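Only one structure is covered here, and it is reproduced in the block below.
The values are calculated or read from the model by the stated rules, or taken from the named source; none is laboratory data. Remember, it's a predicted structure, so these values are computed and weren't measured experimentally. Here the Cβ positions follow ideal geometry from the backbone for every residue, glycine too, while neighbour counts run over all protein chains shown. For accessibility, only protein heavy atoms count, side chains too; no ligands or nucleic acids. Shrake-Rupley method; radii C 1.70, N 1.55, O 1.52, S 1.80 Å.
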Amino acid sequence: MRIIAGSLRGRRLNPPQNLPVRPTTDMARESLFNILNNYVDYEECTVMDLFAGTGAVSLEFISRGAKHVTSIEINNQCTEFIKSCANQFGVNNIHVVRADVFDLLKRAYKKFDIVFADPPYACEDLAQLPDLVFDHNVLNEDGIFILEHPKEYDFSEHPHFWQHRAYGKVNFTFFAMKLDEE
C-alpha cells in the first residue's frame, strides 16, 4: 500500500498483518482522488475520515495538501498505526480519534469540507451513515460525503445523492450538501 500523489507520493504504509481492516485498494483510491481533483481545492479543505483503518485515505488527503484531517477509528491498533505513520512522515495536521463513528456523528460539533467513510462491509448500520452525516450537520455548505460500500447498496434515491462509481468490488457513492440545480 502506498501514497499515490502529492508530497508523500510513493511512501509505503506497512500495516501489521493483524489489523482488522480491509484497506481501500491503491487503484480504487487513485480513482477516487481523480474524481475529487475536479471538485476539490485540497489546500482549502478539512477532512473527516470515518473508519480510518490504516489511515491510507487520511494520509492521501494530507499528501495532496489538505489543511487538516481528522481520522476516526475505534480500533486502538489502527489508531496507533496511523499516529506512527504520521510521525514517521512528519505529518502534524492530522488528528487521530479513537471513537465509535456512530456515537461520534451524533455528537459532532465541527463541520468538514469532505467526509469519507469506509465502514466494514458487514456493518449492520452502513445504510444509516448518509442520514447521520446530514442530520447532524457535519458538512460545510459545499461539503461532499463519500461512502465506500459493497455493490448491494443503492443510495440513488437519497435526497443528497450526487453520483456513484464502481471499481471492481469497490463502490463509492458521493453525496453533496448542495446539489447543482442544472
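Observations, loosely collected:
The rows are residues; the columns are (1) open to solvent by 20 Å² or more (accessible area, probe 1.4 Å); (2) free of Cβ contacts under 8 Å to residues at least 12 places away in the same chain; (3) among the aliphatic types (A, V, I, L, M).
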| site | (1), (2), (3) |
| --- | --- |
| Ser71 | no, no, no |
| Ile82 | no, no, yes |
| Asn87 | yes, yes, no |
| Pro130 | no, no, no |
| Val138 | no, no, yes |
| Ile146 | no, no, yes |
| Pro150 | no, no, no |
| Lys169 | yes, no, no |
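- Scanning region 125-146 for residues that are in contact with a helix residue (DSSP H, G or I) (Cβ under 6 Å, 6 or more places away or on another chain) and under 19 Å from Leu36 (Cα atoms) yields one hit, Phe145.
- Out of Arg98, Arg165, sole residue that is among the basic types (Lys, Arg), open to solvent by 20 Å² or more (accessible area, probe 1.4 Å), touching a residue at least 24 places away in the same chain (Cβ under 8 Å) and under 17 Å from Leu32 (Cβ atoms): Arg165
- Failed condition for Leu32, given (1) surrounded by 14 or more Cβ atoms within 10 Å (Cβ to Cβ); (2) at pLDDT below 95; (3) in a loop (DSSP other than H, G, I, E, B): (3)
- Test: residue in region 128-137 that is over 17 Å from the mean Cα position of the chain (by Cα) and more than 26 Å from Glu44 (Cα to Cα): no
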